[in-house]
Amino acid sequence: MNVGGLTFQVLTNLKGEATLRCYTLSPGLNKKNKFLPAGKSQKMISFVKKQTSKCLFDCQQFKIKIMIKTVALVAHDNRKQDLMEWVEYNYKRLMDKKLVCTGTTGRLVKEALEKHLDGKKIKDIQLLKSGPLGGDQQLGAMIAEGKIDMVIFLWDPMEPQPHDVDVKALLRIAVMYNIPTANNRSTADFLITSELYSTDYHPILKDYSTYIRRKIR
């Protein structure tokens with residue numbers, strides 16, 4: 001976001017803390033990069049205001065846009081232990097992301113992450129229904145609405161699922177909307193360690209307008 005020649009980015013983590021990274025681009029401003037430690041939004045607004053030569057916005061009306069990725073975590077029963085081990089190992093990379101999980105997986109992820117929060121509770125994790133009860137369809141709808149940035153879905157290749165059709169539909173939607181998706185731990189490791197993981201990345205979407213405007217005979 002750019003305000004008065006000042007470009008800044010706000011990040012939050014699962015502890016509810018916020019971080020501001022601020023970059024001055026205009027000649028009349030201090031050209032050194034600024035970094036503000038965790039704090040509340042009002043402090044951020046004051047900080048931004050001090051860094052601009054002229055205040056071009058009303059602090060009471062100005063709203064900071066939180067730029068934070070949303071990561072979906074899903075695992076079938078026989079893969080839940082794999083996912084929990086992966087979450088435990090990568091908890092630092094997950095702490096500053098918004099998490100969406102289905103059913104029991106969400107409860108286990110919450111417990112795994114809270115081990116590292118010194119008794120604090122996770123604030124920014126959304127629990128959907130269990131997969132067989134519609135959780136996969138809920139997640140698919142969130143992808144279609146542009147609310148999911150990445151999916152880690154460890155599905156079981158050795159066991160039939162009562163909601164196989166939902167699983168197939170979820171994976172189809174993820175492909176259709178070009179969402180980075182990992183179905184095994186190796187791919188998940190590649191995704192979470194990519195330099196794009198911490199950037200404001202926007203996937204290129206295929207244009208389906210021709211299909212939408214097609215004539216029905």
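The values are calculated or read from the model by the stated rules, or taken from the named source; none is laboratory data. Computed from a predicted model, the values in this text were never measured in an experiment. Neighbour counts run over all protein chains shown; Cβ positions are idealised from the backbone, glycine included. SASA here: full protein model, heavy atoms, side chains in, ligands and nucleic acids out. Shrake-Rupley method; radii C 1.70, N 1.55, O 1.52, S 1.80 Å.
Considering the stretch 88-127 alone, what residues qualify as being within 17 Å of D149 (Cβ to Cβ), touching a Leu at 6+ places or on another chain (Cβ under 9 Å) and not polar (S, T, N, Q)?
The answer is L94, M95, D96, K97, K98, L99, V100, C101, V109, D124, I125.
Run Y197 past the list (1) farther than 22 Å from L108 by Cα; (2) open to solvent by less than 30 Å² (accessible area, probe 1.4 Å); (3) assigned to a loop (DSSP other than H, G, I, E, B) and report the number of the one that doesn't hold.
Here Y197 clears every test but (3).
Restricted to the stretch 150-163, and to residues that are closer than 22 Å to E85 by Cα and in a loop (DSSP other than H, G, I, E, B), which residue is least open to solvent (accessible area, probe 1.4 Å)?
My answer is D156.
Can you pull out the residues in the stretch 172-204 that are farther than 23 Å from E85 by Cβ and more than 18 Å from the chain's Cα centre (by Cα)?
Once the filter is applied, which keeps residues that are farther than 23 Å from E85 by Cβ and more than 18 Å from the chain's Cα centre (by Cα), the stretch 172-204 yields R172, M176.
Taking only pairs six or more apart or across chains, which ones have beta-carbon atoms under 7 Å, a first residue in the stretch 93-121 that is at positive phi and open to solvent by 10 Å² or more (accessible area, probe 1.4 Å), and a second residue that is in a loop (DSSP other than H, G, I, E, B) and among the polar types (S, T, N, Q)?
Here the result reads G103/S130, each pair linking the stretch 93-121 to a residue that is in a loop (DSSP other than H, G, I, E, B) and among the polar types (S, T, N, Q).
Does T187 satisfy being surrounded by fewer than 14 Cβ atoms within 10 Å (Cβ to Cβ) and under 17 Å from R93 (Cα atoms)?
No: the conditions fail for T187.
Looking at I173, I179, I204, which one is in a loop (DSSP other than H, G, I, E, B), under 18 Å from V100 (Cβ atoms) and of a type in the set (A, V, I, L, M, F, W, C)?
Exactly one residue qualifies, and that residue is I179.
Residues that are at pLDDT 90 or above and in contact with a helix residue (DSSP H, G or I) (Cβ under 6 Å, 6 or more places away or on another chain): which strands (runs of 3 or more DSSP E) entirely in the stretch 51-129 hold 3 or more of them?
Qualifying strands (runs of 3 or more DSSP E): 70-75.
Which of the numbered conditions does Y89 fail, given that it passes all the others? Conditions: (1) farther than 15 Å from I179 by Cβ; (2) surrounded by 16 or more Cβ atoms within 10 Å (Cβ to Cβ); (3) among the aromatic types (F, W, Y).
(2)
Take D166 and tell me if it is outside any loop (DSSP other than H, G, I, E, B) and in contact (Cβ under 8 Å) with a residue 40 or more places away in the chain.
Spelling it out, it is not the case that D166 is outside any loop (DSSP other than H, G, I, E, B) and in contact (Cβ under 8 Å) with a residue 40 or more places away in the chain.
Taking D156 and the conditions (1) at pLDDT 95 or above; (2) over 20 Å from Q126 (Cα atoms), which numbered condition does it fall short on, given that it satisfies the others?
D156 satisfies every listed condition except (1).
Of the residues that sit in the stretch 137-149 and are touching a strand residue (DSSP E or B) at 6+ places or on another chain (Cβ under 7 Å) and either farther than 21 Å from L94 by Cβ or not in a helix (DSSP H, G or I) (or both), which one is most open to solvent (accessible area, probe 1.4 Å)?
K147
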